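First comes the structure, then the notes that go with it.
The values are calculated or read from the model by the stated rules, or taken from the named source; none is laboratory data. As the structure is a computational prediction, the values presented were derived from the model and not from experiment. Backbone-built Cβ (ideal geometry, glycine too); neighbour counts: all protein chains shown.
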Amino acid sequence: MLDAVIGVEAPNPVILIDGQSGAGKTTLAQRVVQRWPVQGRVQSVALDSLYPGWDGLEEGVEYARTTVLMPHARGIIGVWRRWDWVDGARAEAHAVDPSLPLIVEGSGLLTPATARLGDVRVWLESPAPERRRRGIARDGETYEPHWDRWALQEQAHIVRDEPTSHATLVLAVP
């Protein structure tokens with residue numbers, strides 16, 4: 001994947017990472033940040049900070065598109081507000097510098113509308129039992145009652161948006 005980043009000619013490439021919950025999106029994004037192959041800083045946005053609650057996969061992706069990806073593509077500062085899962089409302093604001101590379105990761109991210117805004121577009125495949133094990137281990141019992149309803153939104157995304165057709169890389173995660 002790092003070779004794909006190096007191959008982007010823009011000084012501020014955009015990397016989009018999608019996959020179902022527990023597939024390893026956050027881990028991959030963190031590893032790419034740690035091993036960033038191009039000189040300078042890279043910024044990272046996790047859609048877990050943007051989704052407006054457990055029923056907000058599609059809305060969160062659209063929010064990322066309009067507040068993070070489109071401004072970055074236009075060369076203007078993007079501003080997004082973190083979703084406070086406890087209060088159920090938007091919280092503090094965060095800025096995205098259009099001059100810097102950007103990694104955005106989250107379920108539902110690769111759509112026809114977002115794909116054209118990413119230079120490297122990754123879809124992670126992982127077996128359902130392993131994804132569930134990792135997801136629950138990561139988020140604890142607070143995620144358990146919401147797993148199925150979130151998975152339904154992910155499935156709707158896969159059927160509607162065909163994310164693998166927009167991916168420049170499809171990676172298998174055991």
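The table for this structure:
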read-out	value
Matching option when the condition is at pLDDT below 95 and at negative phi, among Gly140, Gly135, Gly118	Gly135
Residues located in segment 100-118, provided they are within 8 Å of the chain's Cα centre (by Cα), assigned to a loop (DSSP other than H, G, I, E, B) and closer than 12 Å to Leu69 by Cα	Leu109
Tally, over segment 8-56, of residues that are among the charged types (D, E, K, R) and either more than 18 Å from Leu169 (Cα to Cα) or assigned to a loop (DSSP other than H, G, I, E, B) (or both)	5
Selection count where residues are without any contact (Cβ under 8 Å) to a residue 24 or more places away in the chain and either crowded, with 17+ Cβ neighbours inside 10 Å or farther than 27 Å from Gly24 by Cβ (or both), scope segment 76-89	6
Breaking point among (1) at pLDDT 95 or above; (2) surrounded by 13 or more Cβ atoms within 10 Å (Cβ to Cβ); (3) in a helix (DSSP H, G or I); (4) out of contact with any Asp or Glu (no Cβ under 8 Å at 6 or more places or on another chain), for His157	(4)
Pair list, Cβ < 8 Å and 6+ apart or interchain, from segment 12-31 residues that are surrounded by fewer than 20 Cβ atoms within 10 Å (Cβ to Cβ) to residues that are in a loop (DSSP other than H, G, I, E, B)	Asn12/Pro98; Asn12/Ser99; Asn12/Leu100; Asn12/Pro101
